[in-house]
Amino acid sequence: MEKTDPFPRRLWRALASFRFTLAAVVLLMVLVVLCTLAQTRMGAHEAVQLYMRSLLVRARIPPLHTALPVFPGGVLVGLALAVNLAAVLCQRIAFTWNRAGLWMAHAGLLLLIAGEGSVGLFQVETRMALREGQAVGYTEDPRNLELAVTLTEDHGRGQACIIPASLLGRSEVLEIPGTPLTLRIKRTYGNASLAARAPSDPPPLATAGVGTDVAVLDAGRGQGQPAALLEPMIAGQGCGTWLVSPEIGVLQTFAHGGWTYGLGLRPQRHDLPYTMTLRSFTHEVYPGTDIPRSFSSLVRLSNPAKGEERDVLIRMNQPLRYEGRTFYQASYGEDGRLSVLQVVQNPGWRLPYLACVLVILGLLLHFGRELCRTWRRGGRA
């Protein structure tokens with residue numbers, strides 16, 4: 001009677017098989033293709049989140065109204081590859097000096113997967129917009145919004161309250177702590193774009209501020225920006241209906257009882273312990289074309305806590321690494337008077353470099369030993 005191996009042993013052997021490796025690699029290739037194609041309709045960030053930064057890819061299947069899992073996501077496939085590599089190391093490669101190169105190469109691949117995992121979990125991408133002569137001490141996250149409410153007394157005293165934009169769609173009334181102001185949320189828009197009102201447009205829902213002169217259009221999924229219609233209430237008295245949107249770009253203000261109130265929906269801000277001032281911006285294109293050749297920003301870095309004051313040149317391929325953040329030259333605007341820096345904060349940014357070094361050294365060690373062994377055999381022959 002033939003003896004059958006226990007299920008745990010058969011499962012462990014299957015996890016270390018080449019077929020399992022091939023299946024995971026094929027799934028990863030399919031995910032890359034699907035993610036690339038999806039970027040055209042939903043944007044790069046949403047496509048990466050849907051396909052590469054999820055356990056399961058969910059899709060809405062008619063006539064159902066809820067999204068169902070239809071394909072393994074990048075997180076699940078990455079975990080499968082990591083388990084496969086670990087199983088191969090434990091089962092197929094002996095822990096000896098002769099196999100040290102293979103151990104280093106596989107450890108490097110595991111570290112590479114761990115590096116990608118750290119990017120998905122801990123990396124924070126923001127931006128910093130610098131106008132010439134302007135000192136900026138914060139970065140902005142355009143994917144997450146906040147409602148800024150400011151109060152300024154006629155004598156100059158003031159305060160500010162920041163509310164996450166996600167709260168706008170969860171309740172009908174928001175009380176601003178420490179102020180007599182209450183906001184009544186009349187309507188929210190998930191994906192909206194603003195345009196100048198045409199004579200044939202219906203009357204605007206906003207009765208005050210910029211919203212009286214613009215039309216709110218549906219931009220579709222992955223396009224446009226959220227927006228909301230708010231009615232500030234002070235002691236039960238309404239102060240008009242205001243349209244707030246990141247596209248407006250400035251705080252809209254109104255006066256009441258000796259105070260000036262400001263409302264604005266803007267990208268979420270992250271304060272920095274230092275400031276940067278754009279001194280000059282340089283933009284070069286290839287002769288006879290409009291294709292950018294290089295652009296760079298000369299900024300003044302001021303850190304009072306460290307007594308640091310110096311000029312830094314940030315170029316396309318020469319970022320600034322400072323205080324755990326990396327500043328890349330990303331874009332520009334306003335005829336060269338506005339420089340946009342991409343700011344990346346990733347505590348595991350060294351892991352991919354270390355992983356590549358381990359893989360290269362491991363392969364060199366392994367194939368170097370095999371080559372020396374072949375030469376020795378040839379000499380004895």
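The values are calculated or read from the model by the stated rules, or taken from the named source; none is laboratory data. The shown structure was predicted, so the numbers you read here are calculated from the model rather than taken from an experiment. When we count neighbours, we look across all protein chains shown, and the Cβ atoms used for this are built from the backbone with ideal geometry, even at glycine. All accessible areas refer to the heavy atoms of the entire protein, side chains included, with ligands and DNA or RNA removed. Shrake-Rupley method; radii C 1.70, N 1.55, O 1.52, S 1.80 Å.
Here are a few things to note about the model shown:
- Residue match in region 300-320 (condition: open to solvent by 30 Å² or more (accessible area, probe 1.4 Å) and within 15 Å of Thr126 (Cβ to Cβ)): yes
- The set of residues from region 224-236 being free of Cβ contacts under 8 Å to residues at least 40 places away in the same chain and over 32 Å from the mean Cα position of the chain (by Cα) comprises just one member, Gly236.
- Strands (runs of 3 or more DSSP E) fully within region 122-219 counting 1 or more residues that are over 21 Å from Ser331 (Cβ atoms): 135-153, 158-164, 173-175, 181-196, 214-218
- Among the residues of region 66-95, those identified as over 29 Å from the mean Cα position of the chain (by Cα) and open to solvent by 70 Å² or more (accessible area, probe 1.4 Å) are Cys90, Gln91, Arg92, Phe95.
- For region 237-252, a tally of residues being surrounded by 14 or more Cβ atoms within 10 Å (Cβ to Cβ) and either in contact (Cβ under 8 Å) with a residue 60 or more places away in the chain or assigned to a strand (DSSP E or B) (or both) returns 6.
- In region 153-183, the qualifying residues are those that are open to solvent by less than 60 Å² (accessible area, probe 1.4 Å) and in contact with a Phe, Trp or Tyr (Cβ under 8 Å, 6 or more places away or on another chain), and the one that is modelled with the highest pLDDT is Leu181.
- Criterion (closer than 28 Å to Phe18 by Cα, assigned to a helix (DSSP H, G or I) and in contact with a Pro (Cβ under 9 Å, 6 or more places away or on another chain)) met by exactly one of Ala80, Ala87: Ala80
- Residues within region 255-274 that are over 30 Å from Met233 (Cα atoms) and open to solvent by less than 50 Å² (accessible area, probe 1.4 Å), tallied: 2
- Residue check, Leu110 open to solvent by 70 Å² or more (accessible area, probe 1.4 Å), among the hydrophobic types (A, V, I, L, M, F, W, C) and outside any strand (DSSP E or B): no
- Among the residues of this structure, Arg279 counts as one that is surrounded by fewer than 17 Cβ atoms within 10 Å (Cβ to Cβ) and of a type in the set (Lys, Arg).
- Whichever residue in region 213-236 is touching a strand residue (DSSP E or B) at 6+ places or on another chain (Cβ under 8 Å) and over 30 Å from Arg41 (Cβ atoms) and, among such residues, is most open to solvent (accessible area, probe 1.4 Å): Asp213
- Pair list, Cβ < 6 Å and 6+ apart or interchain, from region 48-60 residues that are closer than 15 Å to Met29 by Cα to residues that are open to solvent by less than 40 Å² (accessible area, probe 1.4 Å) and β-branched (Val, Ile, Thr): Tyr51/Val57
- In region 32-63, the qualifying residues are those that are of a type in the set (A, V, I, L, M, F, W, C) and more than 26 Å from Gly224 (Cα to Cα), and the one that is least open to solvent (accessible area, probe 1.4 Å) is Leu56.
- Taking residues in region 302-329 that are polar (S, T, N, Q), and partners anywhere that are surrounded by fewer than 13 Cβ atoms within 10 Å (Cβ to Cβ), the pairs with Cβ atoms closer than 6 Å and at least 6 places apart or on different chains are Ser302/Glu309.
- Only residues that are farther than 16 Å from Ser339 by Cα and open to solvent by less than 70 Å² (accessible area, probe 1.4 Å) were counted across region 286-299, and they come to 1.
- Of the listed requirements (1) within 25 Å of the chain's Cα centre (by Cα); (2) over 30 Å from Phe95 (Cα atoms); (3) open to solvent by 20 Å² or more (accessible area, probe 1.4 Å), Leu351 misses just one: (2).
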